[in-house]
Each structure stands twice: as C-alpha cells, then as structure tokens.
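Here's the structure, in structure tokens; my notes come after.
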Amino acid sequence: MRAARLIKMVLLLQSRPSMTAAELARELEVSERTVTRDAQALSEAGVPVYADRGRAGGYRLIGGYRTRLTGLHRSEAEALFLSGVPGALREMGLEDAASAARLKVSAALMPSLKDASRTASQRFHLDAPNWFKEPETPALLPAVAEAVWDDRRVVAVYRRGEGEVRRELEPYGLVLKAGVWYLCARVAGHGTYRVYRIDRFTAVEAGEERFERDEEFDLPAFWEERAEQFARSILRAEVVVRLSPDGVRRLPYAVDPQSAREALAEAGEPDGAGWVTATVPVESEEVAHTQLASLGPEVEVLAPETLRARCAADAIRLAALYGAEQAR
C-alpha cells in the first residue's frame, strides 16, 4: 500500500512544478504528516524530492528527475486523453486504473504537452445514454469486464423469455450502445459469436481457464454487422405512404433511418403537388402507427387499410378537438 502511494507521489510531482503538503495529502488521501514522512523516505531512497520552506513553499523534484515519452505530437497526446470514457470506465470498475494510467502519462509527457488532457476534455465529451432515460449499470458488469480483460471463460446464466439459459462463454468484448451494455462472446465448444444484453444476466462465474483469443476477430466490424442484421430483422411489415416535401425530409427521423433512405430512393417521381409515394419497411402496424403520427399532416397512409383507418380515426378525433377549440 505504501509503495503504491510513494510511486503515485513521485508521479504527481513529475506532472507539476511543485505541490504543497496539503495538495499532496488531498491527492493521496493521507495526512500532511504522512506526506512529510513519505517525502523523507523518497529522499532516502535516492529520489530527489526537495522541500521549499515558507508560506508559498511545497515539494518538487530537482535534477530533471522524470521519464519522458519521446516522439509524441500534441494531436497524439490529446487523442490519447480522448480514448477513455469516464462514465463507462466507472461502470466497468476500471476508474482507478484509468486514473493511474492518465497520471503516469501526464507525468511522462514533455512540458509543452502538459495541458493535453485539459485541452482535449474542454473540446470533446461523450455522453452515451439516451435522452430522458436514467442509465442503469448492470450489477454484473464489473465481473464481465474483468473476464473480458483477462480472456477468462465464464459460465453465465441469462433470462430468455420466461426461463433462464446457462451457457459457457468466451467473452470477447463489451459494447455500450445508447446507455445499454452488450457482451460479444463466443459460445464455448461451438465457435459461434453471439451478442448478449448484460442486464439480462442473472449470474456470471469466471473460472481459472483462459481461452485463446482469435486474433482475426474485429469487435467494431462484428458489432456493426450484427447491429445492421438486428435492425433489418425486426422490420417485418411494410406500409405505403404519401409524403409531402416536409414529410420526405422528416421521415428518417420518424422510422429506421436507413430503411427510410432506401424507401425514398426507390420512390417514384413527385406528383403535381410535390408529394411522393413510398413503401417503407416497419416493425409492425402498431409501431408504424406511433411513428407516423409524429409526421402529422405531412403523411397520408395508403396501405394497409387497417392502418389507414386508424390514422383516419385519429384525424377525426383531432378535428373534433380543435374544431371545438375554434368554436369557443
């Protein structure tokens, strides 16, 4: 414990010109008296820690005592500090490790690059969760993340339908999509890769056995392919609609964007009023009813007839509501 604290103290002093005892005590979570003892211990071990006396005094390293990363440009240093997502690291139980890594990098950077972390964080920030949705961290996420990091096989139990399924998995990677955590894993003994929502795991037990990772596995490419397959798989119905010019513009925001773009690309020429007729893949009539309602009078449903009838009924009710308002 003390050895780790002494190393951290040296790294802190390498990253700044000087620090007061109070500042070091706050960073190291110890008393100022402990800071004094630690500084003395470092000095006795050959680390050139110098104490400046007086009200403006503090501790600093002398004699150029530092290890530097050479050949690192400013853009590279700033990109390095963008690589971590603080919220995601915290949820995976890696916040302390990431903090230590950033501190080591900061201590090793050339003086001209010292502000790389500040300039990067002031310009870019990733906020992964959806709007209007309180993010929830799956209780088993840290255990899964540890297994992913160590290439350890796990026995996982997860909810499927009304029951539970037990699988032995080789966890390859984690994906955070719109505030939801997913595990990309290979089923042990089968060689097939699958995607699991971590919040559906009810138990995860990591064994001592490590699996041999397929070096050809590309997590971003795998996720992109599976995400596209999933989006396609749920679009099992079609609706035929007429869209005003404004409805054409807003359609990709109401339904699946890729499906909307493809439907509009295959649509015919606009009619005399500028309206376009398109056939749009949707998840179901129920879902389409909700999605198309957001377009209001900029869309007319032509088929199926049942959906057209529902939209017509909505229009009659709206006319009654607003007609009564105008009458008053």
- Query: Restricting attention to region 17-42, and to residues there that are in contact with a Lys or Arg (Cβ under 8 Å, 6 or more places away or on another chain) and open to solvent by 30 Å² or more (accessible area, probe 1.4 Å), which single residue is modelled with the lowest pLDDT?
  - Reply: Pro17
- Task: Look at region 154-173 and say how many of its residues are under 17 Å from Gly207 (Cα atoms) and open to solvent by less than 60 Å² (accessible area, probe 1.4 Å).
- Result: 8
- Message: I'd like the full set of residues that are charged (D, E, K, R) and farther than 16 Å from Asp52 by Cα, limited to region 1-26.
- Response: Arg2, Arg5, Lys8, Arg26
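Scan region 189-224 residue by residue and report those that are in contact with a Lys or Arg (Cβ under 6 Å, 6 or more places away or on another chain) and either within 18 Å of Trp149 (Cβ to Cβ) or surrounded by fewer than 13 Cβ atoms within 10 Å (Cβ to Cβ) (or both). Give the derivation first.
The initial filter retains those residues of region 189-224 that are in contact with a Lys or Arg (Cβ under 6 Å, 6 or more places away or on another chain), namely 193, 195, 200, 206-207, 209-211.
Once the filter is applied, which keeps residues that are in contact with a Lys or Arg (Cβ under 6 Å, 6 or more places away or on another chain) and either within 18 Å of Trp149 (Cβ to Cβ) or surrounded by fewer than 13 Cβ atoms within 10 Å (Cβ to Cβ) (or both), region 189-224 yields Ala206, Gly207, Glu209, Arg210, Phe211.
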- Message: Considering only residues that are within 14 Å of Leu12 (Cβ to Cβ) and either at pLDDT below 85 or among the small types (Gly, Ala, Ser) (or both), which ones fall in region 43-57?
- Response: Val47
- Which of the following residues is among the small types (Gly, Ala, Ser), in contact with an Asp or Glu (Cβ under 8 Å, 6 or more places away or on another chain) and farther than 30 Å from Leu302 by Cα: Ala231, Ala237, Ala178, Ala185? Ala185
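If a residue must be among the acidic types (Asp, Glu) and farther than 23 Å from Pro245 by Cβ, how many such residues does region 277-319 contain? Give the steps one after another, and end with the answer.
We begin by selecting, within region 277-319, every residue among the acidic types (Asp, Glu); these are 283, 285-286, 298, 300, 305, 314.
Now drop any that are not farther than 23 Å from Pro245 by Cβ, which leaves 283, 285-286, 305.
The total comes to 4.
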- Options Val276, Val255: the member that is of a type outside the set (Gly, Ala, Ser), at pLDDT 95 or above and open to solvent by less than 40 Å² (accessible area, probe 1.4 Å): Val276
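The values are calculated or read from the model by the stated rules, or taken from the named source; none is laboratory data. A quick note: this is a predicted structure, and the numbers were derived from the prediction, not measured. FYI the Cβ positions are ideal-geometry reconstructions off the backbone, even for glycines, and counts take in every protein chain you see. What goes into the accessible areas is simple: the full protein's heavy atoms, side chains included, and nothing from ligands, DNA or RNA. Shrake-Rupley method; radii C 1.70, N 1.55, O 1.52, S 1.80 Å.
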